[in-house]
Amino acid sequence: MKLFCIGSSSRGNGYVLQSSNGGALLIECGMPLVEVKKVLGWKLSSIAGCVVSHRHKDHSKYLPEYLKFGIHALALEDVFASFPKLNRTFCKSIEPMHGYKVGSFKVFALPVVHDVPCLGFVIEHDEMGKLLFVTDTMMLEYRVANLNHIMIEANYSDELLEDAISSGSTVSSTRERLLESHMELKTTEQILRTTDLTAVNEVVLLHLSGRHSNAEQFRALIAEAVGKPVYVANPGIEINVSKIPY
Ligand SMILES: [Zn+2]
Ligand SMILES: [Zn+2]
């Protein structure tokens, strides 16, 4: 199983999980479909579906395009309702604390805390084991057992945010918005420290802020905390997320 990161920021989010027989699950549709096509060698027929966390356009902007190409989309009703006149043929409304089958993937929707309704996902596949995907949330109320892979937001650090506010590059009202909607680095660390990481192969950090993060510093700090390989989801990276990677 391979994980491709197409985009992971407020400029657009998109990830592809591709199994060895070609079957693929898309996470988020905030990047143009052509980027997905490049990763999948232009074989859209292999896409089992696309799960979307919430209605913000950096996660959902290209939904109408994906639907037009017959890709099944699973998202909160709130996401579909945010697009006027959406063709609902390939839309499936999902709810928090429910599980869904998408091709050979199983997806469980977790409620998270953002400034609009938002979901995290626990995704399972025979080849991959269990993957946690959490983004655009100030915190995570649940701890998921027996994880093999973790993709989690590390949006900003208080320190870099305060620096940006004092230097005038960020307005101070941003602080209140971020506090209630995005994950601060220490929260990411705390979640990982209180999760059983025994079977976790790697941690992938998502949705780093352009102004209030430092990729290498964040990666190093989390790597130190978890003692596992840690990656930053830079566009273009590809990670082997097989259950047994070697
Ligand atoms: Zn976002
Ligand atoms: Zn958002």
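Quick note: the coordinates plus some simple rules give every number you see, no bench work behind them. Note that the structure is a prediction, hence the values are computed from the model and not measured. Heads up, the Cβs are rebuilt from the backbone with ideal geometry, glycines too, and the neighbour counts pull from every protein chain shown.
Judged by the gyration tensor of its Cα atoms, with axes a ≥ b ≥ c, the chain is oblate; a/c meets the 1.5 cut and b/c is at least as large as a/b. Which percent, nearest 5, of DSSP beta bridges in the chain are antiparallel? Among the beta bridges of the chain, antiparallel pairing accounts for roughly 60 percent. Basic side chains Lys and Arg get +1 at the Cβ, acidic Asp and Glu get -1 at the Cβ, and with that the dipole of segment 2-240 about its Cα centre reaches some 980 debye.
Set against the 2.2 N^0.38 Å expectation for a compact globular protein, segment 108-246 has a Cα radius of gyration ratio of 1.05.
Seen from Val203, the other residues with C-beta closer than 12 Å to its C-beta sum to a net charge of -1, counting Lys and Arg as +1 and Asp and Glu as -1. Note on Arg143 and Gln217: with the Förster distance fixed at 35 Å, the Cβ-Cβ geometry gives a FRET efficiency of about 0.85. Using the average count of surrounding beta-carbon atoms within 10 Å as a protection proxy, the listed peptides 31-38, 238-245, 81-88 rank, highest first, as 31-38, 238-245, 81-88. Taking the charge dipole of the chain about its Cα centre, with +1 at Lys and Arg Cβ atoms and -1 at Asp and Glu Cβ atoms, the residue from Val203, Cys29, Leu192 reaching farthest to the positive side is Cys29. Take every Cα pair under 8 Å whose residues are at least 6 apart in sequence, average their separation, divide by the length of the chain, and the relative contact order is 19 percent. Along segment 191-204 the Karplus relation, 6.51 cos²θ - 1.76 cosθ + 1.60 evaluated at θ = phi - 60°, assigns HN-Hα couplings of 4, 5, 5, 9, 10, 6, 9, 3, 9, 7, 7, 7, 10, 10 Hz to successive residues, with x for each Gly and Pro. Looking at segment 76-180, the pairs of alpha carbons with a distance over 25 Å make up 38% of the total. Taking the fewest neighbouring Cβ atoms within 10 Å as the starting point, the ordered list for Met151, Met97, Met1, Met138 is Met97, Met138, Met1, Met151. From its DSSP helices (H runs of at least four residues, each -39,500 (n - 2.57)), the chain gives a residue-normalised ellipticity at 222 nm of -6000 deg cm²/dmol.
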